[in-house]
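Novice: After the structure tokens below, expect a handful of questions from me.
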Amino acid sequence: QVQLVESGGGSVQAGGSLRLSCAASGTMFMANAMGWYRQAPGKQRELVATIASGGNRNYVDSVKGRFTISRDNAKNTVYLQMNSLKPEDTAVYYCTASIRGINYWGKGTLVTVSS
């Protein structure tokens with residue numbers, strides 16, 4: 001059974017940095033697209049960043065220049081380096097991966113940015 005397990009969330013002051021990791025286990029197949037979504041209190045879940053198996057990246061405008069998505073295909077792991085964090089980045093961050101046509105989701109990791 002495929003599982004995605006996130007780590008790296010926590011609390012940080014504005015201007016600080018965090019690095020999220022998400023490892024896919026329970027499969028011998030490399031993920032195609034991988035990505036990160038987030039959901040802030042009282043808001044809808046939104047796409048933060050995606051990365052294709054070949055490395056093509058996309059970001060939501062609000063994080064461009066501050067966040068970097070990367071992946072290690074050998075480990076089926078995706079990362080999100082978050083710099084210059086703002087209070088509005090506070091949310092639960094969810095990892096997603098597409099493996100053989102099925103989209104899998106992690107349970108989420110909380111990121112809290114204080115002003």
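The values are calculated or read from the model by the stated rules, or taken from the named source; none is laboratory data. What you are looking at is a predicted structure, and each value in this text was computed from that prediction instead of being measured. Virtual Cβ from ideal backbone geometry, glycine too; neighbours counted across all protein chains shown. Surface accessibility is based on the protein's heavy atoms, side chains included, excluding ligands, DNA and RNA. Shrake-Rupley method; radii C 1.70, N 1.55, O 1.52, S 1.80 Å.
Novice: List the trypsin sites (Lys or Arg not before Pro) within the stretch 1-79 that DSSP assigns to loop and that have no more than 16 neighbouring Cβ atoms inside 10 Å.
Specialist: Answer by residue number: Lys43, Arg45, Lys64, Arg66.
Novice: Modelled label-to-label distance, Ser7 and Met30, 7 Å Cα→beta-carbon offset: nm?
Specialist: So the two model labels end up 2.3 nm from each other.
Novice: Report the chymotrypsin sites (Phe, Trp or Tyr not before Pro) located in the stretch 13-115 that are in a DSSP loop and have at most 10 other Cβ atoms inside 10 Å of their Cβ, or state none.
Specialist: Qualifying residues, ordered by number: Phe29.
Novice: Using the Kirkwood radius built from alpha carbon pairs, what does the Stokes-Einstein equation give as D for the chain at 4 °C and 1.567 mPa s, in µm² per second?
Specialist: 92
Novice: Could I ask something else about it? If you roll a 1.4 angstrom probe over the protein chains with everything in place, what fraction of the accessible area of the stretch 4-115 belongs to carbon and sulfur, to the nearest %?
Specialist: Working: 2860 of 5870 Å².
The computed percentage sits at 49.
Novice: Counting only heavy atoms of protein chains, what accessible area per residue, in Å², does the chain have with a probe of 1.4 Å?
Specialist: Per-residue accessible area for the chain comes out at 54 Å².
Novice: May I pose another question? Just want to confirm a number: the relative contact order over the chain, from Cα pairs under 8 angstrom separated by 6+ residues, in percent.
Specialist: It rounds to 37 percent for the chain.
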